[in-house]
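Have a look at the structure below, then the notes.
The values are calculated or read from the model by the stated rules, or taken from the named source; none is laboratory data. What you see is a predicted model; the values in this text were computed from it and never measured. As a convention, Cβ positions derive from the backbone with ideal geometry for all residues, glycine included, and neighbour counts pool all protein chains shown.
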Amino acid sequence: MRELNCTHCGKTIAADDQSCPHCGMPLAPHLRKSPQRKFIWWFIGIVIFCAVMIYLLPFFGSTRFPGR
Ligand SMILES: [Zn+2]
């Protein structure tokens, strides 16, 4: 895990931390790993989930309502 020094108290903190566990100072955004990247992976996951559901829903529908 990548480690950084807190800009406020100078103690070592994990790069993944949102704020310093020693003094509670929020990490400067440029020090932190980009949260945008995590968001993109969430977005990709949701898109894949939706695509799978759109593909599978007619099958679920036909098994639940065989008459239709
Ligand atoms: Zn600190």
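One residue stands out among those in the range 4-24 that are among the aliphatic types (A, V, I, L, M) and exposed (fewer than 14 other Cβ atoms within 10 Å of the Cβ): the one that is modelled with the lowest pLDDT, which is Ala15.
Residue count for the range 1-19, restricted to those that are outside any strand (DSSP E or B) and either within 20 Å of Lys38 (Cα to Cα) or of a type in the set (Phe, Trp, Tyr) (or both): 6.
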